[in-house]
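Any read-out appearing in this document is the output of simple, stated calculations on the displayed coordinates, not a laboratory observation. None of the values given here were measured: they were computed from a predicted structure. Cβ coordinates were reconstructed from backbone atoms using ideal geometry, including for glycine residues, and neighbour counts include every protein chain displayed.
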Amino acid sequence: MEAGSGSMSGSGEDIFNFQIEEEELEEMAVSVDSGNEGIDDRWCLVGRFLSNRIVDFEKMQNILASLWQPGIGMFVKQVDNNRFLFQFYHEVDIKRVIDGSPWTYDRMQLIIERLPVGGDPKTLTLNTLDIWIQMHDVQPGCMTEATIKGLGNAIGKFLESDPKNFIGVWREYLRMRITIDITKPLRRRLKLTKDDGTWFWVNFKYERAPTFCFICGIIGHTERFCSKLFHQSVDTVVKPYGEFMRAQPQRNHKNIGARWLRTRGWTPPVAAGGSSGSMAGQRNPNMEGSGGVGSASNQEGSDLLNGATVSGVIRANQGAGKYGNNAMGNQGENQGMNRGKDIMSDQEDILVIYDSKKRKVGEDANVGHVGGDGLKFEGSFTVEAQGHSGGVALIWKNNEEVVIDSFSKNHIDCLVTFEGHQPFRFTGIYSEPNRSLRQQTWTLIRTLHARSMAPWCIMGDFNNVLHQSEKLGGNPYPTWLIDGFQEVVQRCGLCDLDMLGHPFTWEKSRDTPNWIEAKLDRAMCSQSWLNVFSTARLFNLEVSPSDHCPLLLDVQHCEPRDQPRPFKFENCWCSHQDCETIIRDSWGTNGGTRLDQKIQQCGQALQAWGKGVTGIFLPR
């Protein structure tokens with residue numbers, strides 16, 4: 001019996017093993033057709049972010065799409081927790097993104113690599129970054145293409161050389177684009193030895209350098225999170241890397257007509273919604289500030305910038321007589337001293353400039369101080385401050401109305417298309433607060449002016465006065481700063497818009513013997529912009545907890561219509577002896593009219609008489 005049971009058990013195992021072997025021998029032939037999968041891997045990028053933070057996929061794909069603005073669109077798929085597939089539909093779009101590297105989203109560095117045809121996006125290592133590098137202190141005689149390629153391959157993989165490297169008699173530095181390994185420290189310099197045995201150092205500066213550690217030189221973290229801190233005492237930590245490795249932004253001297261010049265065979269793109277043409281669909285990397293981080297999003301304005309203050313507001317499509325004197329104040333010197341809750345409306349086109357570095361006066365200061373409660377902003381673009389320098393942002397009501405063109409830590413330049421108005425160019429600016437570096441802001445304004453001939457308005461904190469009369473209290477303003485600012489304004493053909501309201505926008509030491517006021521904030525425009533928006537008005541809004549007052553630029557200002565003042569009987573008339581006579585005469589001469597007509601005519605007679613006797617009774 002037992003033998004029989006053992007025999008049955010062995011037979012079962014044989015059958016089980018045979019079934020497994022039979023399963024492993026089976027196979028089926030398939031045809032490879034990637035087209036049916038819905039993914040065309042000819043134009044795909046795989047990317048990851050150098051961060052341990054969780055990435056909001058919906059927000060991320062919207063921001064990157066708004067920055068890259070592919071002409072035929074893009075599709076984004078999340079492959080893993082921190083691995084994403086970006087599919088494009090034309091070589092032009094994917095090449096523009098690759099050439100524009102490095103990219104940053106929400107202060108996280110994006111590492112991208114092109115997916116080979118038929119490749120697996122999960123197997124790519126994603127440890128390389130394409131970046132432009134400047135080579136400084138290359139001695140004469142060594143400034144050759146061979147030297148550039150040799151240097152590029154010595155510190156990474158050489159990709160291309162700047163075509164302008166050898167144009168002209170002398171260049172301060174040479175430029176090349178290389179691929180670097182982000183797992184290795186950045187190279188600060190390289191020793192070159194010449195044929196005669198002499199040597200020199202070539203120093204490297206990285207353009208648009210991402211976040212890197214000043215201790216270990218690795219990209220992706222700062223010295224606060226460096227692993228070397230756990231292996232040595234704080235007193236012995238050495239920082240051989242630093243800000244000196246970041247390249248300063250290049251000056252962009254484009255021909256002013258380059259935007260409208262086309263090559264043979266060019267055809268205009270078809271814009272969404274039937275709009276023909278766009279001023280600039282992508283940002284210019286040369287205009288970015290050193291290490292600047294720009295990001296666009298669809299967050300609500302009230303939640304976007306906690307701790308920032310409003311620098312300026314642009315308003316369009318205001319209904320005629322909508323606000324009246326409550327919003328703009330009475331005509332005259334006090335015009336524009338309005339309440340913050342009356343500035344914005346859901347029915348208007350709004351663009352707001354924020355400055356994250358303005359000093360707060362009160363502890364309860366917040367972004368929504370000027371903005372009305374519950375307003376929804378579809379578009380935003382922020383450039384975060386670098387330490388104590390820069391920091392500016394724009395938010396706008398309708399996402400389609402603004403296209404970002406360029407930005408730096410001190411400015412955001414964009415094309416604005418308010419419904420029913422001609423498109424115009426707008427620049428929100430935060431001037432360099434350090435007087436010794438003010439020339440950088442003036443150079444930036446000249447460069448922006450040369451980029452386009454479109455109607456242009458520039459608005460924000462210029463940290464400078466145009467005339468001595470724009471400063472009250474303290475020492476006279478330095479003449480060289482006034483002269484330099486005036487020269488820039490004249491050279492760029494800008495018109496300084498008259499400001500209604502209090503004549504000064506900044507103050508210090510209020511209600512003390514050292515009280516100083518100055519007009520540091522303003523809006524200026526080209527003559528072509530003024531021709532388009534001839535009714536525009538600029539108001540000084542004294543509603544800010546900051547030491548600066550925000551400005552309101554109403555591009556379609558409607559003067560409130562004079563409404564006939566309703567009749568009101570003044571009690572002081574009763575004390576006048578002629579009052580009763582006026583009433584009896586007016587009432588008695590119209591014996592045959594209706595009662596309402598008697599009252600109306602009596603009121604008119606009293607009002608006409610009262611003006612001559614007691615003067616005009618103004619609203620109280």
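See the values below:
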quantity: Over the stretch 380-496, volume per residue of the alpha carbon convex hull, in Å³; calculated: 126 Å³
quantity: Nitroxide proxy distance, nm - points 7 Å out along Cα→Cβ at Lys568 and His421; calculated: 3.5 nm
quantity: Length-normalised contact order of the stretch 128-245 in % [C-alpha pairs under 8 Å, at least 6 apart]; calculated: 27 percent
quantity: Alpha-carbon centroid distance for the pair the stretch 95-147 / the stretch 395-438, whole angstrom; calculated: 29 Å
quantity: Ascending count of other beta-carbon atoms within 10 Å, so fewest first, for Phe49, Phe212; calculated: Phe49, Phe212
quantity: Residues Val313, Val392, Val555, Val238 arranged by fewest to most Cβ contacts within 10 Å; calculated: Val238, Val313, Val555, Val392
quantity: Violating pairs (Cα-Cα greater than 31 angstrom) within the set Lys205/Lys519; Lys59/Lys122; Lys77/Lys228; calculated: Lys205/Lys519; Lys77/Lys228
quantity: Neighbour-count order for Arg53, Arg438, Arg96, fewest beta carbons within 10 angstrom listed first; calculated: Arg53, Arg96, Arg438
quantity: Zone of Asn203's modelled label, taken as backbone nitrogen in the stretch 177-191 under 16 Å from a point 7 Å along Cα→Cβ; calculated: 187-191
quantity: Relative contact order [Cα under 8 Å, 6+ residues apart], the stretch 112-195, whole percent; calculated: 36 percent
quantity: Contour excess over end-to-end distance, with Cα ends at Leu595 and Arg107 and 0.36 nm allotted per residue; calculated: 168.2 nm
quantity: GluC sites (Glu not before Pro) restricted to DSSP loop in the stretch 132-210 with at most 12 other C-beta within 10 Å; calculated: Glu172
quantity: Interchain or long-range residues, amide H under 5 Å from Gly220's placed H; calculated: Thr211, Phe212, Cys213
quantity: Cα gyration tensor shape for the stretch 128-245, rounded if a/c is under 1.5, else prolate or oblate; calculated: prolate
